Amino acid sequence: MAEVQDELSETLGYTGVLKMLQILESKRLVKHEREGRAYRYFATVAPERAGSAALDRIVDKIYHGSAASALVQLVGGRSLAPDEAVRMKRIVDGATLG
């Protein structure tokens, strides 16, 4: 648990970290094993998969399923590196039309 707390960029208290881990475990994104008197937590899915699922939920709930609205919010008003902009354009150009 202390290892998780140390890796977080935000300063969260013990109970905050514990609650976050319990929520992640209820969603089957992490699991824990007893190690002595403490618990060791492990990711059960790759970060990319977890991030993709979380982003899908955000697009559905906040942007009512509109990937375009989410994209505008994500990149609107931001300065992008040229290679990032080119990569994003290729992804958008290759997107399946529905």
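What follows draws every value from the coordinates through simple rules; no lab data is involved. Quick caveat: nothing in here was measured; it's all calculated off a predicted structure. Backbone-built Cβ (ideal geometry, glycine too); neighbour counts: all protein chains shown.
Here are the numbers for this structure:
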{"item": "The chain, dipole about Cα centre (Lys/Arg Cβ +1, Asp/Glu Cβ -1), debye to the nearest 20", "result": "300"}
{"item": "Filtered GluC sites (Glu not before Pro), the stretch 1-80: DSSP coil and at most 13 other beta carbons within 10 Å", "result": "Glu10"}
{"item": "Label point at Ala53 placed 7 Å out along Cα→Cβ; residues across the stretch 1-44 whose backbone nitrogen lies under 13 Å", "result": "23-31, 43-44"}
{"item": "From the coordinates shown, semi-axes √(5λ) of the Cα gyration tensor in Å corresponds to which of (i) 19, 15, 13; (ii) 27, 14, 12; (iii) 35, 16, 14", "result": "(iii)"}
{"item": "Amide H contacts of Val30 (H built 1.01 Å from N, under 5 Å, at least 5 apart or other chain)", "result": "Glu25, Thr44"}
{"item": "The chain: relative contact order in percent, alpha carbon pairs under 8 Å with at least 6 residues between", "result": "13"}
{"item": "Karplus 3J(HN,Hα) series, Hz, for the stretch 54-67 with 6.51 cos²θ - 1.76 cosθ + 1.60 (x for Gly, Pro)", "result": "5, 5, 4, 5, 5, 4, 5, 7, 8, 9, 6, x, 8, 5"}
{"item": "Estimated dipole of the stretch 2-43 in Debye, rounded to 20 [Cβ of Lys and Arg +1, of Asp and Glu -1, Cα centre]", "result": "280"}
{"item": "Cα centre as origin, Lys/Arg/Asp/Glu Cβ charges: the stretch 54-93 dipole, Debye", "result": "40"}
{"item": "Between the stretch 39-98 and the stretch 1-38, the Cα center-to-center distance that results, in Å", "result": "25"}
{"item": "Partners for Lys89 among lysines (Cα-Cα distance below 29 Å; same-chain residues under 8 apart left out)", "result": "Lys61"}
